[in-house]
1. Quick one: Ile59 ticks every box in (1) more than 12 Å from the ligand (Cβ to nearest atom); (2) touching a Ser or Thr at 6+ places or on another chain (Cβ under 9 Å); (3) assigned to a loop (DSSP other than H, G, I, E, B) except a single one, so which number is it?
2. From (1) touching a residue at least 40 places away in the same chain (Cβ under 8 Å); (2) more than 11 Å from the ligand (Cβ to nearest atom), pick out the condition that doesn't hold for Tyr206.
3. When only residues in segment 175-196 that are polar (S, T, N, Q) and closer than 24 Å to Ile92 by Cβ count, which is modelled with the highest pLDDT?
4. Where in segment 131-244 are there strands (runs of 3 or more DSSP E), lying fully within it, with 1 or more residues that are among the small types (Gly, Ala, Ser) and buried (at least 21 other Cβ atoms within 10 Å of the Cβ)?
5. Within the bounds of segment 107-114, is there any residue that is part of a strand (DSSP E or B), under 18 Å from the mean Cα position of the chain (by Cα), of a type outside the set (Asp, Glu) and under 25 Å from Ile229 (Cα atoms)?
6. From the list Asp64, Asp100, which one is assigned to a helix (DSSP H, G or I), within 14 Å of the ligand (Cβ to nearest atom) and of a type in the set (D, E, K, R)?
7. How many residues are over 27 Å from Gly109 (Cβ atoms) and either at pLDDT below 95 or of a type in the set (D, E, K, R) (or both) when one looks only at segment 1-46?
8. If the requirement is being within 24 Å of Gly208 (Cα to Cα) and either in a loop (DSSP other than H, G, I, E, B) or near the ligand (Cβ under 8 Å from one of its atoms) (or both), which of these qualifies: Gly29, Gly13, Gly5?
Amino acid sequence: MKTNGNTVLITGGATGIGLALAEEFARAGSEVIVCGRTEETLKQAKQKLPSLHTRICNIAKESDRDDLYEWAVANFKNLNILVNNAGIQRMIDFKKGTADLLRHRAEDGEDEVEVNLRAPVYLTALFTPHLMKQKESAIINVSSGLAFYPMPELPVYCATKAAVHSFSQTLRQQLEGTTVRVFELIPPMVDTNLDKGARKARGQTYFGLSTAEFIVPVMKAFANNEFEIRVQDPKLSAMRGGPS
Ligand SMILES: NC(=O)c1ccc[n+]([C@@H]2O[C@H](COP(=O)([O-])OP(=O)(O)OC[C@H]3O[C@@H](n4cnc5c(N)ncnc54)[C@H](OP(=O)(O)O)[C@@H]3O)[C@@H](O)[C@H]2O)c1
């Protein structure tokens, strides 16, 4: 997949891994659009990368997803890459019954299944017919190493990421013979604000690769058409005695 001359939409692209992808695609000569819920964060991303197009969108809401699609295809007719990147991660202890499971929804209206799974599935359905009209196009789903090495503290997160892995596999098969290539980006631990400080609270002292370290092999892998992109972190592998 060429990394230049694309028009790329990245959900959750104003921070962390999404922003690193936005910067690399823009640097390589692609037009980049990012969306997220927080106006201030989108503004900060645009200050950092003035060429960026931004859009407020809560992908947990079906009406917002529909609006994002209508707006994006109306304003960016050449849009040819959808990156399903936005995600949330919450610690949930099932020994507490429904308390933890419902707490996040009550506190901030967030639901991991909605954001991490239902939204990328729905956005994929919305955008695929448009992407099929482009000469060369891609869907990039961001799953996680935790899809393969689940962590007991994060049962729902791990389940959603395992589902994104499975979805990416079947989607890749279904879209064979079309112009749409399906990539799965499988990050190891990357130092972002994904966990909202939970890693530190768990007593962790290592927070993973920086986004700058992470993004270099990722862009090479896109260019080489590696459809399942597993980035290893040697430091983490050594700490765990296995792959990161
Ligand atoms: N960091 C890691 O160690 C790691 C490892 C494996 C996989 N991943 C995956 O990588 C992806 C990016 O995460 P990150 O580490 O870069 O964390 P991050 O910086 O927290 O990025 C997540 C982004 O998603 C956006 N987002 C969250 N909920 C949203 C919603 N309902 N609607 C629209 N945007 C929403 C956030 O923006 P707003 O809050 O402003 O909406 C934020 O910009 C996620 O899918 C994550 O699961 C991360």
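The values are calculated or read from the model by the stated rules, or taken from the named source; none is laboratory data. Quick caveat: nothing in here was measured; it's all calculated off a predicted structure. No Cβ is skipped: glycine too gets one built from the backbone with ideal geometry, and neighbour counts run over all protein chains shown.
1. All conditions pass for Ile59, except number (1).
2. For Tyr206, the failing item is (1).
3. So, considering only residues that are polar (S, T, N, Q) and closer than 24 Å to Ile92 by Cβ, the one modelled with the highest pLDDT is Thr192.
4. Because the criterion is at least 1 residues that are among the small types (Gly, Ala, Ser) and buried (at least 21 other Cβ atoms within 10 Å of the Cβ), the strands (runs of 3 or more DSSP E) in segment 131-244 that meet it are 137-142.
5. no
6. None of the others qualify; the one that does is Asp64.
7. Residues that pass the stated criteria total 7.
8. Gly13
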